[in-house]
Amino acid sequence: MHIKKSQVFILLFCLSFWTLNAQVTHVSTKNSSLVYQVSKNKVYQFHYGKKLQSLAGVEKMSPFFNEAYPSFGNGSSDEVAVIATHADGTLATDLFYQSHEQNSEGNIQNTTIHLKDEKLPFFVDLHFKAYQNEDVIEQWTTISHKESAAVRLEQFASSALGFKAESYYLSHFNGSWAREMRMSEERLTNGVKNIETKRGVRTTEYENPSFILSLNQEAAENSGEVVFGSLAWMGNYRLSFQLDDQERCQLIGGINPFASDYLLENNEVFETPRMVLTYSSEGKNRASINLHRWARNYNLRDGDQIRPIVLNSWEGAYFSFDADRLKSMMDGAAEMGVEVFVLDDGWFGNKYPRNSDKAGLGDWQINTKKLPKGIDDLIDHAEELGMKFGIWVEPEMVNPKSELAENKPEWIVQRMNEREGLLKRNQLLLDLSNPEVLDFAFGVIDNLLTKHPRIKYIKWDANRDLQNFGSTYLQKDKQSHLWIDYSRGLESVFKRLDAKYPNVIFQACSSGGGRVDFASMKYTNEFWASDDTDPYERIFIQWGTNHFFPAIAMGAHITKSPNHQTDRETSLKFRADVAFGGRLGIELSPDDLEPEQLKFTKEAINLYKEIRPVIQFGDLYRLQSPYDEDGYAAINYVSANKEKAVLMVYSHDFHRRNEHNFVRMNGLDQSAMYRITEINMNSDKAYIQFNDQIISGDILMNRGIKVNLKKPLESAVFKFDKILVE
Ligand code: GLA
């Protein structure tokens, strides 16, 4: 047979590609690479960071990091990703490469690496979904086996990643009820640092399952290498960072294994939640933009739909209302331009009416005393005024003083042996590991929406943690499944509702910001960032939140002053300007406003409607951090085509008057001209000298502008329109 020279070349090329491919798995996006190499039949991470254009020579290099999915029993003494007691009692697991496959569909590249224990039929698959344009990689794992009996899993990470740098700075987002998402950064030292929760429910309230790892320097907005990660999980999590003796940093992150041993039956598949990752070589801001775009495109319910303006009744009425009071609130809301009226807690319970948080939770029948004509009468009123109607529910919970607790005590999560249930906010948790209870929780909303199909918004709340650990449903040897099964059960209810009610808006609320995570966000349109609506506090809460989660999903409400949590007095303008930074809403009784305040709020709502597409779909740039000592904060949003922008500047603490307040914008078209217009003003005096003037993008971004905010709790908002020059 005669073979041409060119054919030999093609053959050699294919052969070398095949050999390379057998040794290397390249998970990649536009600007990042996560590379695995196979050495002596084991899989190691080779690189995670800047995109590698060529992998030539990788096979000549020896592994540098720990195994891709380190297991207990593989010889290492570091933190591991999986610990299993096998059916025969063996504790060691040692995972070997079997095969891998990769395919791409448009923007998404899917990769799976198959691993198997050296001796036992125990399998681990590593999965990766790489979103090219957004530079986001989702990483998760499935574990299964064909052993003779159940295998006890004691650790089951989603992600194991290694990093090598001179130094590592870890930012995480902690707080408490009404003080969520406070950012703190620390330099990692040798040993292990864990970010975790063991609360089971409302798991993002005290610490978010998100981190920023900055390499070689403290994280900066626009320079330096950073990795952002966030676990898409509504339950207990643990992200553990170990700095070893070789100055390598290893992250093992996933469901918190604490008291959560999982008996995995033969043929059952244990799927871990997704770890959402993005790498940026241009600092934090780029990483945030990556995640915001990714969320809107792939991980936020209706991420491409404008969010309506909501008036929520809570801070305006709390539990004390009747139909007339609500209707009067609706009248004011409609007058101001609100688009959805949401009736919060307190509308249900008859034997035990829900007139405070002490009774009625679980009894989802309309309170006939407060609302004798029912909900439809309220919906009629809202619709007559051109608004939609929404309602609050808390389907996972029960007050001991309720018909539900009387009738279904076995549905309550409990410590068993007749130990007293520990109360929080006077309530107990329902057992979502039990399919019957899942049907009940689904039914609470399904019944409401079936009986009242004109309800278009559901606020799903959850106001306690999982402390009374124990389930009457789970088998004796599977009690430790409760934390995991609860969270999976909850997600399954969200999924069912999402599928059945595509046109209903869902808000994830959990005592404020207890469910700010990418798992709930997949099935909900928005979250409530905090019960703290004081605009001063909100500047910090929103600042932390916007590192990971997009403005379109973040409920931000104008409330009354003094604030109900902090007693701080602030101007209506300041409150509105801060709420403009997210999905604007109102949470007060319009009846309590003076006519000029009502007028101001109406105009603010109108202005927000105009800038809403820029805030909800645009890119966010953080310009000045409230954590710096300068006493003011600034952000701007820019539309995708760079034709419109909005700048918000908040002076929250005293600063040296005119000396600071200097803002360099970001993300504009440098070569374009923009008309700058101050909006939402409360006097004739603008905060800039050149209001309504045309200024170049170049100046706005590179020279910067001074905004004359002089006192604490002052603020200014500007819109920018690109001028088309002939
Ligand atoms: C929680 C929520 C609030 C409100 C109350 C009602 O605290 O975060 O927004 O709905 O419950 O009880």
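The values are calculated or read from the model by the stated rules, or taken from the named source; none is laboratory data. In this text the structure is predicted, and so the values were computed from the model without any measurement. Cβ atoms come from the backbone with ideal geometry, glycine included; neighbour counts cover every protein chain shown. The area values use the complete protein model at the heavy-atom level, side chains included, leaving out ligands, DNA and RNA. Shrake-Rupley method; radii C 1.70, N 1.55, O 1.52, S 1.80 Å.
For region 347-388, which residues satisfy the criterion of being on the phi > 0 side of the Ramachandran plot and either more than 15 Å from the ligand (Cβ to nearest atom) or of a type in the set (S, T, N, Q) (or both)?
Of everything in region 347-388, those that are on the phi > 0 side of the Ramachandran plot and either more than 15 Å from the ligand (Cβ to nearest atom) or of a type in the set (S, T, N, Q) (or both) turn out to be Gly374, Gly386.
Please list, ordered by residue number, the strands (runs of 3 or more DSSP E) wholly in region 33-121 having 3 or more residues that are open to solvent by 50 Å² or more (accessible area, probe 1.4 Å). Outline the logic, then answer.
Working: elements: 42-50, 82-85, 95-105, 108-117.
Hits in region 33-121: 95-105.
Taking the residues in region 354-374 that are aliphatic (A, V, I, L, M) and closer than 18 Å to Leu326 by Cβ as candidates, determine which candidate is most open to solvent (accessible area, probe 1.4 Å).
Among them, the one singled out is Ile366.
If I filter region 449-457 for residues that are within 16 Å of the ligand (Cβ to nearest atom), in a loop (DSSP other than H, G, I, E, B), over 18 Å from the mean Cα position of the chain (by Cα) and surrounded by fewer than 18 Cβ atoms within 10 Å (Cβ to Cβ), do I get at least one hit?
no
Can you spot a residue in region 389-411 that is outside any helix (DSSP H, G or I), within 15 Å of the ligand (Cβ to nearest atom) and either open to solvent by 20 Å² or more (accessible area, probe 1.4 Å) or of a type in the set (Lys, Arg) (or both)?
First, pick out the residues of region 389-411 that are outside any helix (DSSP H, G or I): 389-402, 408.
Now narrow it down to the ones that are within 15 Å of the ligand (Cβ to nearest atom): 390-399, 402.
Still in the running and either open to solvent by 20 Å² or more (accessible area, probe 1.4 Å) or of a type in the set (Lys, Arg) (or both): none.
The answer is no, given that none of the residues of region 389-411 is outside any helix (DSSP H, G or I), within 15 Å of the ligand (Cβ to nearest atom) and either open to solvent by 20 Å² or more (accessible area, probe 1.4 Å) or of a type in the set (Lys, Arg) (or both).
I'd like the residue in region 299-353 that is open to solvent by 10 Å² or more (accessible area, probe 1.4 Å) and aromatic (Phe, Trp, Tyr) and, out of all such residues, is farthest from Met387 (Cα to Cα).
Tyr352
State whether one or more residues within region 322-341 are among the hydrophobic types (A, V, I, L, M, F, W, C), under 32 Å from the mean Cα position of the chain (by Cα) and within 13 Å of the ligand (Cβ to nearest atom).
Within region 322-341, none of the residues are among the hydrophobic types (A, V, I, L, M, F, W, C), under 32 Å from the mean Cα position of the chain (by Cα) and within 13 Å of the ligand (Cβ to nearest atom).
Restricting the search to region 674-726, which residues are free of Cβ contacts under 8 Å to residues at least 60 places away in the same chain and in contact with a Gly (Cβ under 9 Å, 6 or more places away or on another chain)?
Those that are free of Cβ contacts under 8 Å to residues at least 60 places away in the same chain and in contact with a Gly (Cβ under 9 Å, 6 or more places away or on another chain): Tyr674, Met701.
Please specify each residue of region 412-431 satisfying the condition of being open to solvent by less than 10 Å² (accessible area, probe 1.4 Å) and under 11 Å from Gly360 (Cβ atoms). Steps first, answer last, please.
The initial filter retains those residues of region 412-431 that are open to solvent by less than 10 Å² (accessible area, probe 1.4 Å), namely 413, 427, 429-431.
Hit for region 412-431 is Gln427, nothing else.
Just to be sure, is Ile635 under 25 Å from Met329 (Cβ atoms) and crowded, with 20+ Cβ neighbours inside 10 Å?
Here the answer is no, as Ile635 does not meet what is asked.
Considering only residues that are out of contact with any strand residue (DSSP E or B) (no Cβ under 9 Å at 6 or more places or on another chain) and either on the phi > 0 side of the Ramachandran plot or crowded, with 16+ Cβ neighbours inside 10 Å (or both), which ones fall in region 235-269?
If the condition is that a residue be out of contact with any strand residue (DSSP E or B) (no Cβ under 9 Å at 6 or more places or on another chain) and either on the phi > 0 side of the Ramachandran plot or crowded, with 16+ Cβ neighbours inside 10 Å (or both), then Ala259 is the only one that fits.
For every residue, the table says whether it meets (1) closer than 27 Å to Phe442 by Cα; (2) of a type in the set (D, E, K, R).
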{"site": "Arg488", "(1), (2)": "yes, yes"}
{"site": "Ala519", "(1), (2)": "yes, no"}
{"site": "Tyr536", "(1), (2)": "no, no"}
{"site": "His547", "(1), (2)": "no, no"}
{"site": "Thr566", "(1), (2)": "no, no"}
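May I ask you to verify whether Leu466 is more than 16 Å from the ligand (Cβ to nearest atom), of a type in the set (A, V, I, L, M) and within 25 Å of Trp294 (Cβ to Cβ)?
Here the answer is no, as Leu466 does not meet what is asked.
Residue by residue through region 426-448, note down the ones that are part of a helix (DSSP H, G or I) and farther than 17 Å from Gly346 by Cα.
Of everything in region 426-448, those that are part of a helix (DSSP H, G or I) and farther than 17 Å from Gly346 by Cα turn out to be Pro435, Glu436, Val437, Leu438, Asp439, Phe440, Ala441, Phe442, Gly443, Asp446, Asn447.
Quick check on Ala287: is it in contact with a Phe, Trp or Tyr (Cβ under 6 Å, 6 or more places away or on another chain) and aliphatic (A, V, I, L, M)? Spell out how you get there, then give the answer.
Working: in contact with a Phe, Trp or Tyr (Cβ under 6 Å, 6 or more places away or on another chain): yes; aliphatic (A, V, I, L, M): yes.
Taking the combined requirement at face value, the residue satisfies it.
Considering only region 134-220, give the strands (runs of 3 or more DSSP E) lying wholly within it that have at least 1 residues that are more than 27 Å from Gln37 (Cα to Cα).
The strands (runs of 3 or more DSSP E) meeting that bar are 151-164, 168-174, 182-187, 191-196, 207-215.
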